[in-house]
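A short worksheet on the structure shown next.
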Amino acid sequence: MAIARVVIVGSGNLSHALVSRWLNSPHIAQLTVLARSDRYRVKGWSAAAMERVTYDDVCLSEASIVVLSVKPKDAPAALDHIARVAPNLPVLLSVAAGISIATIRSILPHSGIVRTMPNICSQVGRSVTGVAFDSVLPSQRAMVLDLLHELGETTETPESLLDPMTALFGSGPAYVLVFLRSIVDTAIKFGLDKDIARQLALQMVLGTSELALAQSQDSLDHIVSRVVSPGGTTEAMLKVLESQGWQDIMESALYAAGERASQLGSLEPARGRA
Ligand SMILES: NC(=O)c1ccc[n+]([C@@H]2O[C@H](COP(=O)([O-])OP(=O)(O)OC[C@H]3O[C@@H](n4cnc5c(N)ncnc54)[C@H](OP(=O)(O)O)[C@@H]3O)[C@@H](O)[C@H]2O)c1
């Protein structure tokens, strides 16, 4: 597939994940990160990643794909800037939560637009990424999919599902990490060494995911039932989770994240594009 010149606008957490993964991509002829400040320098970027950073926006006019990786509140100003420097940009790929294709289209009327929601596991090639396309040529679409596949699994989806997917899978690593932290904190209270507890908890989540993947023909309920012996330890734990409303807590958390994603989008009209 054609080789792209990719510019990532923004040098924050997600950009770090993207640049780490795409540094040696066979699909990218030139990878540049357009930064606003040098804050990335204290965030553990590798020397190779830092070499890709520039403050010179001329790179925008040479890009075949610009990746918008700024906070939603900064997206309108960043898009205006991109439109000024590169009004005929071939493809704008946005990872910004809640920012709709219609909004991007209103600023970049001539570009192919890709709205996508990867997660931070992009850094290790294990993202689950939803993607919606608008006015993208087949060759550009193939190029974008090549790039997204390097981040992990990619699912094309109607744009209307991207806010829920943001809640479920964009924010998802945080739920898993908070869950892991609870286990490690409790393990330490039981007397386990902190590092050993962490290592074991991580392996447990990895092992459980691999097991469920290997048994994808079985329902999750069925897999759970294989771990639960009547009157056993797992049953005792699950009873506490159920009696304290585990399912309701998770559902409320996910709905809150989904609502926040929609709100971020609805803030757009008041964006003050000065
Ligand atoms: N983090 C995640 O796990 C995750 C997952 C999925 C999607 N996302 C989406 O990814 C986007 C970025 O999130 P993040 O967590 O990486 O945020 P972040 O760490 O705050 O990074 C945002 C970056 O954008 C830069 N920036 C803002 N306006 C700019 C401009 N006009 N030109 C160049 N750079 C500009 C900021 O510069 P300064 O360094 O100077 O502040 C900062 O480096 C968000 O829209 C978020 O919804 C994030």
Next item on the list: Could you please tell me which pairs satisfy a Cβ distance under 7 Å, a separation of 6+ or placement on different chains, a first residue in the stretch 67-90 that is of a type in the set (D, E, K, R), and a second residue that is more than 10 Å from the ligand (Cβ to nearest atom)?
Entry: D80/I107; D80/R273
Note to self: Based on this model, can you work out whether S11 counts as more than 9 Å from the ligand (Cβ to nearest atom), closer than 25 Å to R126 by Cβ, assigned to a loop (DSSP other than H, G, I, E, B) and hydroxyl-bearing (S, T, Y)?
What the structure shows: no
Margin query: Considering only residues that are touching a strand residue (DSSP E or B) at 6+ places or on another chain (Cβ under 8 Å) and either within 13 Å of S11 (Cα to Cα) or touching a residue at least 60 places away in the same chain (Cβ under 8 Å) (or both), which ones fall in the stretch 46-65?
Written below: A49, R52, V53, T54, Y55, S64, I65
Notebook entry, point to check: Do we find that S127 is of a type outside the set (V, I, T) and over 18 Å from V7 (Cα atoms) in this structure?
Noted result: yes
Notebook entry, point to check: Which one of the conditions (1) outside the structural domain of A17 (by TED's automatic domain parsing); (2) touching a strand residue (DSSP E or B) at 6+ places or on another chain (Cβ under 9 Å); (3) of a type in the set (D, E, K, R) does D146 fail to meet, given that it meets all the rest?
Noted result: (1)
Next item on the list: Within the stretch 32-87, work out how many residues are more than 19 Å from T103 (Cβ to Cβ) and not charged (D, E, K, R).
Entry: 22
Check: Name the residues in the stretch 111-129 that are modelled with pLDDT of 95 or more, touching a Lys or Arg at 6+ places or on another chain (Cβ under 9 Å) and more than 9 Å from the ligand (Cβ to nearest atom), would you?
Finding: S111, G112, I113, V114, V124, G125
Next item on the list: Check every one of the strands (runs of 3 or more DSSP E) wholly within the stretch 104-190 and list those with 3 or more residues that are β-branched (V, I, T).
Entry: 112-117, 127-134
Margin query: Quick check on my filter: what residues within the stretch 22-54 are within 13 Å of the ligand (Cβ to nearest atom) and in a loop (DSSP other than H, G, I, E, B)?
Written below: A35, R36, S37, D38, K43, G44, W45
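Being more than 9 Å from the ligand (Cβ to nearest atom), part of a helix (DSSP H, G or I) and β-branched (V, I, T) narrows it down to one residue among V66, V19; which is it? Write out each step before concluding.
Values: V66 fails: part of a helix (DSSP H, G or I).
Every option except V19 fails the conditions.
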Next item on the list: Inspect all residues belonging to the stretch 77-91 and state whether any of them is under 17 Å from the mean Cα position of the chain (by Cα), crowded, with 18+ Cβ neighbours inside 10 Å and near the ligand (Cβ under 10 Å from one of its atoms).
Entry: no
Item checked: Given (1) over 30 Å from I99 (Cα atoms); (2) surrounded by 12 or more Cβ atoms within 10 Å (Cβ to Cβ), number of the condition A253 does not satisfy -> (1)
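The values are calculated or read from the model by the stated rules, or taken from the named source; none is laboratory data. Owing to the predicted nature of the structure, the values given are computational and were not obtained by experimental measurement. Cβ sites come from the backbone with ideal geometry, for glycine too, and all protein chains shown count toward neighbours.
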